[in-house]
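Undergrad: Have a look at the structure that comes next, please.
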Amino acid sequence: MKCATTIDLKPDYTISRVIRGGWQLAGGHGTIDRDAAIRDLIACYDAGIFTFDCADIYTGVEELIGAFRARLFAERGLDALKQIKVHTKLVPDLSTLPQISKQHILSIIEQSLMRLRVDYLDLVQFHWWDYSIPGFLGAFHWLDDIRREGKIRHIGGTNFDTPHVKSVIEAGIPVLSLQVQYSVLDARPENGLVELCLEHGIALLCYGSVAGGFLGERWLGALEPEWPLENRSLVKYKLIIDDFGGWALFQELLKILDRIARREGIDIATVAGRYVLAKPAVAAIIVGARNSSHIVSNARLAQGGLSEADIGDIDEVTVRRTGPAGDTYTLERDRTGRHGSIMLYNLNAKAS
Ligand SMILES: NC(=O)c1ccc[n+]([C@@H]2O[C@H](COP(=O)([O-])OP(=O)(O)OC[C@H]3O[C@@H](n4cnc5c(N)ncnc54)[C@H](OP(=O)(O)O)[C@@H]3O)[C@@H](O)[C@H]2O)c1
């Protein structure tokens, strides 16, 4: 089954179905060589991945993408520059939420504009750490004002659950997309969010689809890793594997993915990514990389699909999952729990 490599989120807004993630270029994933990183981003563009994800809180990454835009223009010309889309996030610090103001939101937007070297932001994906602190709807309205003023092209959200997305829609905010975790290990969007998105034409842009690299040959047949793990992605997704049903069930899943991958001449990550891309409401998957080693494989992600029979074989394992449970990001919102306690809540001031 062939599938499209690009998708129109609006008639005049086309993205690649594989988005290059920027978190792995921030801290916590080893040393990043800035020049090599810019060359990698150019190589992504050349391979057909022309949409890039970053955030105000990914230290140095918006600046890096700004420098990449300049290099792309110099080396590939204006048409290339016009084709790329850069999706950022706006993640106000937890400590600022009680006194959040339009001015504060605007200052973060201005900072992203300056770092990315653009006149407007293609997509701003808004995050709110704590629903018990009022104000997220007001913040969405300010973002919508800023959109009307021309500094933002589209508004999205990230890590909002079904009832809160519903309230944003009911408030009349034109939500283009939601960025959420969705993978062969983590099906929480299927507990309400997917249905809501289908009803309202909201696109899901999904992270976690290769589980920080766990969904790859390196871990097939490997012993369960012991703490501490090598980088922040692996820490995050090992917790998801534990909830999924543990290392033994995960290995069963890897074996099935590997069998399909070998038959198709692709790799495990590609099968795992295609599984998510085939899901209703999913417009794109966001795949992170520390370097250029996975570009060729990731560019092939959206160049094909999985057969019904292959999806059925994968789901014979996934039906036995024990979690992760609940709505999107509910587990992560518990700041004292296993998932929430590994997060950093006040990075915006630090990244300024
Ligand atoms: N909104 C949010 O809360 C949120 C949270 C997390 C991530 N994100 C976004 O999503 C992006 C992706 O992050 P993620 O957490 O979902 O990580 P991910 O994409 O699941 O994992 C990235 C890692 O997987 C490995 N990898 C990538 N392609 C591979 C391939 N073809 N084969 C084997 N391994 C491969 C690489 O690790 P090695 O280099 O070790 O091989 C890479 O660093 C981030 O950069 C960020 O933009 C957003």
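No lab work stands behind these numbers, since they all come straight from the coordinates. Keep in mind the model is a prediction, meaning the values are calculated, not measured. Glycine gets a Cβ as well: all are built from the backbone with ideal geometry, and neighbour counts include every protein chain shown.
Undergrad: Multiply the residue gap between I169 and Y131 by 0.36 nm, knock off their C-alpha separation, and tell me the result in nm, one decimal place.
TA: 12.1 nm
Undergrad: Using the Karplus equation 6.51 cos²θ - 1.76 cosθ + 1.60 (θ = phi - 60°), what ³J(HN,Hα) coupling, rounded to whole Hz, does each residue of region 210-227 give in order, writing x for Gly and Pro?
TA: 10, 6, x, x, 4, 7, x, 4, 4, 9, 5, x, 7, 5, 4, x, 9, 6
Undergrad: I've got another one for you. Say we join alpha carbon atoms closer than 10 Å with springs in a Gaussian network model of the chain; which of E75, E264, E226 then has the biggest fluctuation?
TA: Looking only at E75, E264, E226, the biggest GNM fluctuation is shown by E226.
Undergrad: If each DSSP helix of 4+ residues adds -39,500 (n - 2.57) and the sum is divided by the residues in the chain, what number results at 222 nm, nearest 500 deg cm²/dmol?
TA: It lands at -12500 deg cm²/dmol.
Undergrad: Right, next: Considering only T336, T14, T270, give the residue with the highest GNM mean-square fluctuation for the chain, with springs between Cα atoms whenever their separation is below 10 Å.
TA: Evaluated over the chain, the most mobile residue of the options is T336.
Undergrad: In whole Hz, what ³J(HN,Hα) sequence does region 238-253 give by Karplus (6.51, -1.76, 1.60; θ = phi - 60°), x for Gly and Pro?
TA: Taking θ as phi minus 60°, the curve returns 5, 5, 5, 4, 4, 5, 4, x, x, 5, 5, 5, 4, 5, 4, 4 Hz for region 238-253.
Undergrad: Spin-label point model (7 Å from Cα, Cβ direction): what's the I342 to E308 distance in nm?
TA: 3.8
Undergrad: Still on this structure, please answer the following. Expressed as a whole number of Å, what is the distance separating the alpha-carbon centroids of region 24-101 and region 227-273?
TA: 27
Undergrad: Here is a further query. Give me L9, L90 sorted ascending by neighbouring Cβ count inside 10 Å, so fewest comes first.
TA: L9, L90
Undergrad: Okay, next question. Please compute, over every Cα-Cα pair in region 86-215, the percentage with a separation greater than 16 angstrom.
TA: I get 63 percent for the Cα pairs in region 86-215 exceeding 16 Å.
Undergrad: What's the extension gain from T6 to A36 if we count 0.36 nm per residue and subtract their Cα-Cα distance?
TA: Net length gain for the segment: 8.2 nm.
Undergrad: While we're looking at this one, here's another question. What do you get for Rg/Rh of region 1-76 when both radii come from the Cα atoms and Rh is the Kirkwood radius? Write out the running numbers ahead of the final one.
TA: Values: Rg = 13.5 Å, Rh = 13.4 Å.
Radius of gyration over Kirkwood radius for region 1-76 works out to 1.00.
Undergrad: Provide the per-residue ³J(HN,Hα) series for region 36-51, in order, calculated from phi with Karplus coefficients 6.51, -1.76, 1.60 and θ = phi - 60°, each as a whole number of Hz, with x at glycine and proline positions.
TA: Working through the residues one at a time gives 5, 5, 5, 4, 4, 5, 5, 5, 4, 4, 4, 7, x, 9, 10, 10 Hz.
Undergrad: What do you get for Rg/Rh of region 162-316 when both radii come from the Cα atoms and Rh is the Kirkwood radius?
TA: When Rh is taken as the Kirkwood radius, the ratio is 0.98.
Undergrad: Another question, then. Name the residue, out of N231, N298, N159, whose mean-square fluctuation peaks in a Gaussian network model built on the chain with Cα pairs under 10 Å.
TA: Result: N231 has the largest fluctuation of those listed.
Undergrad: I've got another one for you. With contacts defined as alpha carbon pairs under 8 Å and 6 or more residues apart, what's the relative contact order of region 6-351 in percent? Don't jump to the answer; show the numbers that get you there.
TA: Working: 586 pairs, mean separation 73.8, N = 346.
Result for region 6-351 is 21 percent.
Undergrad: Want the number for E149 to R71: 0.36 nm per residue separation, take away the alpha-carbon distance, what's left? Write down the numbers at each step before the final one.
TA: Working: separation 78, 0.36 × 78 = 28.08 nm, distance 2.86 nm.
Working it through step by step, the gained length comes to 25.2 nm.
Undergrad: If you find the alpha carbon centre of region 125-169 and of region 172-215, how far apart are they in angstrom?
TA: Here the two parts' Cα centres lie 16 Å apart.
Undergrad: Residues with amide H under 5 Å of I286's amide H, sequence separation 5 or more or different chain, H placed in the peptide plane at 1.01 Å from N; which?
TA: I19, C206, Y207, S209
Undergrad: Report, in listed order, any pair from K151/K238; K89/K255; K82/K236; K102/K350 with a Cα-Cα distance greater than 31 Å. Walk me through the intermediate numbers first.
TA: Numbers: K151/K238 38 Å; K89/K255 35 Å; K82/K236 34 Å; K102/K350 20 Å.
As for pairs spanning more than 31 Å Cα to Cα, those are K151/K238; K89/K255; K82/K236.
Undergrad: Any idea what % of Cα-Cα pairs in the chain are farther than 36 Å?
TA: Working: 9335 of 61776 pairs.
Tail fraction, whole percent: 15.
Undergrad: Label-point separation (nm) for D79 and R262, each offset 7 Å from Cα along Cα-to-Cβ?
TA: Taking the simple label geometry, D79 and R262 are separated by 4.3 nm.
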